[in-house]
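The block underneath contains the structure these notes are about, expressed in C-alpha cells.
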Amino acid sequence: MRAAVLNAIGDDKLELRDDVTTVDPGPDEVRIRVRASGICHSDLSAMDGTLPALAPGVVGHEGSGEILEVGSAVTHLVPGDHVTVSFVPPCGSCANCLRGQPNLCAVHAIAAFTTPRFRLGDTPLFGYAGLGTFADEVVVPSSGAIKVDADVPFETAALIACGVLTGVGSVLNTAQVEPGSTVVVFGCGGVGISVIQGARIAGAATIVAVDPVEGKHSVAQRFGATHAVTPEHLDQLKGELTGGEGFDYAFDVVGAPATIRAGWDATRRGGAVVVVGAGRGDAMVSFSAQELFLHDKKILGSFYGSSHVHRDTATMLRFWRAGLLDLDGMISRRLTFADINDGLGLLREGSTDVIRQVVTLA
C-alpha cells in the first residue's frame, strides 16, 4: 500500500512509497481504510523535531476513513463504519479519564506511539502520534476510532480529528469563554480559524485576529473575527476596543515565547491566556513573580482543546449541520497522495491562501 515515510528526523520531504504494510490489528484494535487526511502544522513539527516523533515512520494524524477489520474484542464498531481517528484514544479507566480529562489519557497513546504500526519489508515503521494517516490504511486502538454518520464527507470529518477539536475545544472547554466577552487570537492558520469560529459560537462580542501576514486578515474576518491586525498595531486597537484595559481572553495558536508573552500583555487583569500552539521543549517564556501575583491572570494550557473526543466530535458535527461551524470553507486545497510534499512545502512557506489542505486517499 501507499505511505509517506519520514526516514529521519530533520528531513524536509517524505518518501512516497507503495510497498508499505500495516501491522495486524490486536484484539482491541481496528484496521481503517484512510479516505482523507488533513495536513497540519504539527506534521511539520514532527518532521523537524519540534514535537516528539520516531523515525523511520509514517506521518499524518488528522484523518478519517472506514473500518476494514476489527479485533476480536471490539464490539462497538463493524466493517463499513465511517470514523475519524484520534491521537489520544481514551482508555476510560485511568485517573485522567475518570476525572473527566480523557484528552490527557496516555495509556493507549504512548503504547501506539512507541510501537511500530507499519512495516517496510523487514523494517518496522512507527506511526506519528500512534497514527500515520498519510497512508492507505492504519491500525489503531478501537477507542481512537470515533464513529460518524455515513453522510458526513470524509474530508469534513478529517478536519474535526485534530484542528477543529483543538481550536474550538480550547474556547468551549479550556477557556469556557462567556457570551459578550472580548477575545484576541494570535495566529490565523487552520487551528486559529477554528479558535475564531469557537469564539463566535461562544457568543464573544469582540474577536480580534492577529497575524503578521495581512493576506490572512480577510480570511479571519470571513470566519467570524470582528477585527484583524498585524502584531505591531495590536496595542493601538486594544486601546480603542477595551479602553486600554485589555481583552478578557487571549489565545496563542503559535506556541512561541513571543506570542505567548504578547497574549499575556494583551489580556486584562483577571483575564485568561490560553496556550493552544505546540511549542518547542526548550522554548522558555519569561514572567516576573510580581506580575503573576499582581495581575491575577490565568495561564491555561490547552492540549487537544481539553476535548472529550467522542462527545465533542458529535458536538462539532451538530454545529456543522446547524450552519454554526464552517468546516467545508476551511478546505483551501484538495490534494492527491502524490501532492503531499507539495502541500507540506506550501504550509512551511506560510502561504496566505491556505487554511487547511486535505489529502484524498481514494
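The values are calculated or read from the model by the stated rules, or taken from the named source; none is laboratory data. Keep in mind that what you see is a predicted model, and the values were worked out from it rather than measured. Cβ placement follows ideal geometry from the backbone for every residue including glycine, while neighbour counts extend to all protein chains displayed. Protein only, heavy atoms only, side chains kept; ligands, DNA and RNA dropped before computing areas. Shrake-Rupley method; radii C 1.70, N 1.55, O 1.52, S 1.80 Å.
See the values below:
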{"read-out": "Matching residues in region 352-362 - criterion: being surrounded by fewer than 17 Cβ atoms within 10 Å (Cβ to Cβ) and either in a helix (DSSP H, G or I) or not aliphatic (A, V, I, L, M) (or both)", "value": "THR352, ASP353, THR360"}
{"read-out": "Residue match in region 248-259 (condition: under 17 Å from the mean Cα position of the chain (by Cα), of a type in the set (Asp, Glu) and more than 20 Å from LYS298 (Cβ to Cβ))", "value": "no"}
{"read-out": "Test result for HIS217, over 23 Å from MET47 (Cβ atoms), outside any strand (DSSP E or B), open to solvent by 10 Å² or more (accessible area, probe 1.4 Å) and touching a Pro at 6+ places or on another chain (Cβ under 9 Å)", "value": "no"}
{"read-out": "Wholly enclosed strands (runs of 3 or more DSSP E) of region 54-156 bearing at least 3 residues out of contact with any helix residue (DSSP H, G or I) (no Cβ under 8 Å at 6 or more places or on another chain)", "value": "62-70, 118-120, 123-127, 137-141"}
{"read-out": "Residue list for region 233-254, filter: within 24 Å of HIS41 (Cα to Cα) and open to solvent by 10 Å² or more (accessible area, probe 1.4 Å)", "value": "TYR249, VAL253, VAL254"}
{"read-out": "Filter result for the condition that a residue is more than 15 Å from the chain's Cα centre (by Cα), on the phi > 0 side of the Ramachandran plot and not hydroxyl-bearing (Ser, Thr, Tyr), over GLY203, GLY215", "value": "GLY203"}
{"read-out": "Test for VAL30: is it at pLDDT 95 or above, buried (at least 21 other Cβ atoms within 10 Å of the Cβ) and in contact with a strand residue (DSSP E or B) (Cβ under 6 Å, 6 or more places away or on another chain)", "value": "yes"}
{"read-out": "Of all residues making up region 322-333, the number that are open to solvent by 50 Å² or more (accessible area, probe 1.4 Å), at pLDDT 95 or above and in contact with a helix residue (DSSP H, G or I) (Cβ under 9 Å, 6 or more places away or on another chain)", "value": "2"}
{"read-out": "Selected residue (only one of GLU178, GLU240, GLU232 is in a loop (DSSP other than H, G, I, E, B), modelled with pLDDT of 95 or more and either within 24 Å of LEU327 (Cα to Cα) or acidic (Asp, Glu) (or both))", "value": "GLU178"}
{"read-out": "Residues of region 25-40 that turn out to be outside any strand (DSSP E or B) and under 20 Å from PHE337 (Cβ atoms), as a count", "value": "1"}
{"read-out": "Whichever residue in region 118-142 is of a type in the set (Ser, Thr, Tyr) and open to solvent by 20 Å² or more (accessible area, probe 1.4 Å) and, among such residues, is farthest from LEU51 (Cα to Cα)", "value": "THR123"}
